[in-house]
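The values are calculated or read from the model by the stated rules, or taken from the named source; none is laboratory data. Keep in mind the model is a prediction, meaning the values are calculated, not measured. Positions of Cβ are generated from backbone atoms using ideal geometry, with glycine treated the same way; all protein chains shown enter the neighbour counts. Accessible surface areas use protein heavy atoms only, side chains included; no ligands, DNA or RNA. Shrake-Rupley method; radii C 1.70, N 1.55, O 1.52, S 1.80 Å.
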Amino acid sequence: MPILPIVTPPQKILRQKAQPVSAFTPELQTLIDDMVETMHAAPGVGLAAPQVGQGIRLFVAHLLYDPYHDPETDEPLPPGVGKVLVMINPQLSERSDEKLKGTEGCLSLPGILGEVMRHKSLTVDYLDRYGRKKKLRTYGWMARVIQHEYDHLDGILFVDKAVEVWEDEEVEGEVAE
Ligand code: NI
């Protein structure tokens with residue numbers, strides 16, 4: 001499985017609205033596998049299809065916390081135990097009024113970090129890689145990753161929403177999405 005090149009500005013695909021996935025083909029499965037490998041190699045915790053030049057509503061994320069519990073009160077999953085989430089045609093709902101500020105980076109914007117306000121919790125309805133309907137209610141850090149990745153599907157980058165942005169040569173892989 002090849003590692004895919006990650007798209008950076010000014011490539012227009014990062015700024016375009018991605019299209020829904022309609023066919024769960026072998027090519028889609030290969031793309032998903034390649035995106036997971038690319039995310040891990042970067043390293044990063046999330047990667048959206050437009051970041052590898054594919055204008056479709058798909059992202060992958062690496063769960064570092066149990067997504068069904070509040071990461072503010074739960075221990076992170078042990079190293080190597082975290083699992084990969086594949087979300088296709090995601091729909092966000094039940095966003096909490098409460099927002100949290102947190103630091104984000106992006107694999108498409110290397111060397112840049114920012115503080116971004118995100119809903120503390122939300123619900124995602126999505127299709128898994130086989131087209132099965134799924135629903136996830138999630139909180140805190142994982143909700144942040146999902147909001148960041150979802151924005152990529154609408155051509156939005158975290159710097160558009162950040163309340164503060166700065167340059168950091170040593171971007172922590174843990175926050176790169
Ligand atoms: Ni990103």
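Quick notes on this structure:
- Test: residue in the stretch 12-27 that is of a type outside the set (S, T, N, Q) and in contact with a His (Cβ under 7 Å, 6 or more places away or on another chain): no
- When we screen PRO67, PRO50 for residues that are modelled with pLDDT under 95 and surrounded by 16 or more Cβ atoms within 10 Å (Cβ to Cβ), the only hit is PRO67.
Conditions tested, residue by residue: (1) at pLDDT 95 or above; (2) out of contact with any helix residue (DSSP H, G or I) (no Cβ under 8 Å at 6 or more places or on another chain).
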position: THR138; (1), (2): no, no
position: ALA143; (1), (2): no, yes
position: GLN147; (1), (2): yes, yes
position: TYR150; (1), (2): yes, yes
position: VAL159; (1), (2): yes, yes
position: ASP168; (1), (2): no, yes
position: GLY173; (1), (2): no, yes
position: GLU177; (1), (2): no, no
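- Candidates ASP151, ASP128 - the one that is buried (at least 18 other Cβ atoms within 10 Å of the Cβ), free of Cβ contacts under 8 Å to residues at least 60 places away in the same chain and acidic (Asp, Glu): ASP151
- Count of residues meeting criterion [open to solvent by less than 30 Å² (accessible area, probe 1.4 Å) and assigned to a loop (DSSP other than H, G, I, E, B)] in the stretch 21-47: 3
- No other residue among SER121, SER108 is over 30 Å from LYS12 (Cα atoms) and either open to solvent by less than 50 Å² (accessible area, probe 1.4 Å) or at pLDDT 95 or above (or both) apart from SER121.
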